Every structure is written in C-alpha cells, then in structure tokens.
Amino acid sequence: MSDEREIRLQRLQALREQRINPYPNAVERTHTIAETLEHFSTLEGPDGHLTLVGRIRLKRGQGKASFLKIEDGTGSIQLFFSLSDVGEEAYRTLKLVDLGDFIQASGYLFVSQRGERTLRVQQYRLLSKSIRPLQKSIMGWRTLTHGSENATWI
C-alpha cells in the first residue's frame, strides 16, 4: 500500500472518530460554479449566501486562513476558510481533507486581494473522502501508433 493511501486511510479513521460521516447520503447545492461565476456581481457580498459543491483540486494553508480550489464539472472557484469564520474545531478538521475529496461549502462571495472570485466559507462538510490520490493531469488526447494498431488515451 502506498504511503499516501495509508495517510488518507488514517485521515478517514480520524474523521470517523470525530463522528463525521465521510460519505453522507444527501447533498445540498444552491448554484453550480458556472452559475455562480456568471452571476457573480449580483450574488457578491455578505447578503448573498449560497452553497457550492465540488472536488478539491488545490489546497494551501497559511496559519489561520486556508484556500481550496474546487471543480464541479461546470467550472472552478476558490474557497477561503478563516479560523474566525468556521470555528476552531471545523478549521482543525479541514486538515483531514485531501485533494480529490468532494466538499460542500456555504458562505458568501467576494473578490480576494489578488483579484480572484472567491467563496468565503462559513460552513462546510465533507461529501466523499478520496482514498486514492488523483492521477497526474495529462494534457489532451494523444494517439499512439504501435505496429498497425492505433490506441487513443488520455
């Protein structure tokens, strides 16, 4: 078993010990990411509460703040997690999520200091824990010729 898979299994066990269901039956979503980005200017601000769902593609933390990038099949958006917004226990639990996990996040939209459209998360929950790491991205399709056979792969 790979080291990364073993770490993910340990994190799965830690979630279960905290009585967090890593595979809940129900999902809530108010908008797709594409809808959110299309209507960003009208949804932006503390009064525009919405819930997004997606797969974690990027994760970085900086002390009392963390950023995740999620994708839902229609687009991608940055999520901002602040210790003061989600609380200490929920922020600590964020360390147990990995790339490839599916997450549901609720909050409001704002533009980050770097100009990126972002959801400021006030609540979140794990929807599916990924045990295996994501495959490395492969850019586009390629056709390989092997003798007289052609094989197309991603």
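List of remarks:
- Search result, residues across region 69-94 that are within 16 Å of LEU126 (Cα to Cα), of a type outside the set (Gly, Ala, Ser), surrounded by fewer than 18 Cβ atoms within 10 Å (Cβ to Cβ) and more than 11 Å from the chain's Cα centre (by Cα): GLU89, ARG92
- Output for region 114-131, where each listed residue is assigned to a strand (DSSP E or B) and either surrounded by 19 or more Cβ atoms within 10 Å (Cβ to Cβ) or among the basic types (Lys, Arg) (or both): ARG117, THR118, LEU119, ARG120, VAL121, TYR124, ARG125, LEU126, LEU127
- Residue match in region 62-71 (condition: in contact (Cβ under 8 Å) with a residue 40 or more places away in the chain and small (Gly, Ala, Ser)): no
- Number of the exception - SER76 against (1) at positive phi; (2) of a type outside the set (Lys, Arg); (3) touching a residue at least 40 places away in the same chain (Cβ under 8 Å): (1)
- Taking the criterion of being touching a helix residue (DSSP H, G or I) at 6+ places or on another chain (Cβ under 9 Å) and among the charged types (D, E, K, R), the only residue of region 1-33 that qualifies is ARG11.
- Looking across region 1-48, the residues that are under 19 Å from VAL121 (Cα atoms) and surrounded by fewer than 14 Cβ atoms within 10 Å (Cβ to Cβ) come down to VAL27, GLU28, THR30, SER41, THR42, GLY45, PRO46, ASP47.
- Filter result for VAL111 (in contact (Cβ under 8 Å) with a residue 12 or more places away in the chain, buried (at least 16 other Cβ atoms within 10 Å of the Cβ) and of a type in the set (Val, Ile, Thr)): no
All of the numbers you see were taken from the coordinates with simple rules; none came from a lab. Since the structure is predicted, the reported quantities are computational estimates derived from the model, not experimental observations. Methodologically, a virtual Cβ is constructed for each residue, glycine included, from the backbone with ideal geometry; neighbour enumeration extends over all protein chains shown.
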